[in-house]
1. Taking Rh as the Kirkwood radius computed over C-alpha pairs, what is the Stokes-Einstein D of the range 127-269 at 10 °C in a medium of viscosity 1.306 mPa s, expressed in µm² per second?
2. Compute the distance from the alpha-carbon center of the range 232-252 to that of the range 161-202, in whole Å.
3. Can you flag which of LYS161/LYS250; LYS132/LYS241; LYS132/LYS161 are past 27 Å Cα-Cα?
4. What ranking do 251-261, 152-162 get when scored by the average of other Cβ atoms within 10 Å per residue, highest first?
5. Taking 8 Å as the Cα distance limit and 6 or more residues as the minimum spacing, I'd like the relative contact order of the range 133-181 as a percentage.
Amino acid sequence: MFLLYWIGSVLLIGGMILSANALNLSPGWVVIPALIIIGLLIWKQINSSKPSINSIYRRIPDKSNHTPTVIPLGQDDLIQSSKAGLVEGKVKATPSADGLSDVETLRSRAQQNIQEGAITESYNADRFTINKLLNDALATETVCVLRYRRHHFMARGIHAKSIAAEFLAHSIEEQGHADQIAERIVQLGGEPDFSPDTLSQRSHAEYASGSSLTDMIKENLIAERIAIDSYREFIQYLGDKDSTTSQILKNILAVEEKHADELADMLTDIPAPTS
């Protein structure tokens with residue numbers, strides 16, 4: 001197209017020169033218009049080399065037939081694309097068929113309600129209910145810590161030393177569980193309830209003192225079995241609504257199952273009392 005402009009201009013200038021000679025006009029009548037025409041052509045060349053805002057496009061994948069749809073970008077779109085690190089000729093990230101969000105959406109959501117910390121817009125579980133269940137689990141773990149501690153110090157008998165050491169180890173691990181649960185409650189915007197007034201009422205397991213070493217082992221084993229069933233139901237309730245809490249509970253559940261196996265082994269190692 002630009003070549004045609006030059007050819008037309010040359011023909012026009014040539015015609016003007018012939019007309020001036022035929023009419024006996026001054027050369028200035030030809031030179032001045034010719035310079036104007038040449039200047040316009042140079043200006044056209046310079047501006048045609050600059051990309052227009054509307055000549056830059058983003059390509060949006062069309063999910064129906066997988067054919068990219070070309071949409072002109074306006075000024076605001078160009079600025080946002082520049083901030084997002086997009087360049088001309090590349091495909092803009094959009095939600096894929098599997099529901100994953102594009103980069104711009106993730107960045108935009110992360111900037112909203114930043115005071116919520118780890119809880120983002122995509123979290124759709126019932127935080128009130130989950131925090132209540134977590135506080136019940138916290139009470140259960142705390143009661144287990146206290147019961148194991150008492151049994152550690154009160155264990156008596158020929159087998160007491162090794163079993164008391166196991167009670168102490170279990171107590172320390174249960175305290176670790178309580179700390180993990182309390183930390184998660186805070187992450188979900190709640191408050192861990194350590195109130196001693198309601199601790200035993202909210203706990204799933206009982207605080208049983210046990211009169212003998214065998215009774216202590218049995219009481220702890222019963223408490224572990226209660227905790228195992230409780231955590232399994234909690235995990236099933238969560239499903240895929242809160243993967244982080246679910247993973248914490250799964251890790252705790254694995255340890256509780258290990259405790260139950262160890263306590264069951266202790267019972268078999270202690271000879272039955274003779275009448």
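Each reported figure results from applying straightforward, stated rules to the coordinates on display, with no laboratory input. Because the structure is predicted, anything quoted here is derived from the model rather than measured. We place every Cβ from the backbone using ideal geometry, glycine too, and count neighbours over all the protein chains shown.
1. On the way: Rh = 15.4 Å.
Approximately 103 µm²/s, per Stokes-Einstein.
2. 17 Å
3. Values: LYS161/LYS250 31 Å; LYS132/LYS241 16 Å; LYS132/LYS161 38 Å.
Over 27 Å Cα-Cα: LYS161/LYS250; LYS132/LYS161.
4. On the way: 251-261: 17.1, 152-162: 13.5.
In descending order of packing, they fall as 251-261, 152-162.
5. On the way: 40 pairs, mean separation 25.2, N = 49.
With pairs under 8 Å counted, the relative contact order is 51 percent.
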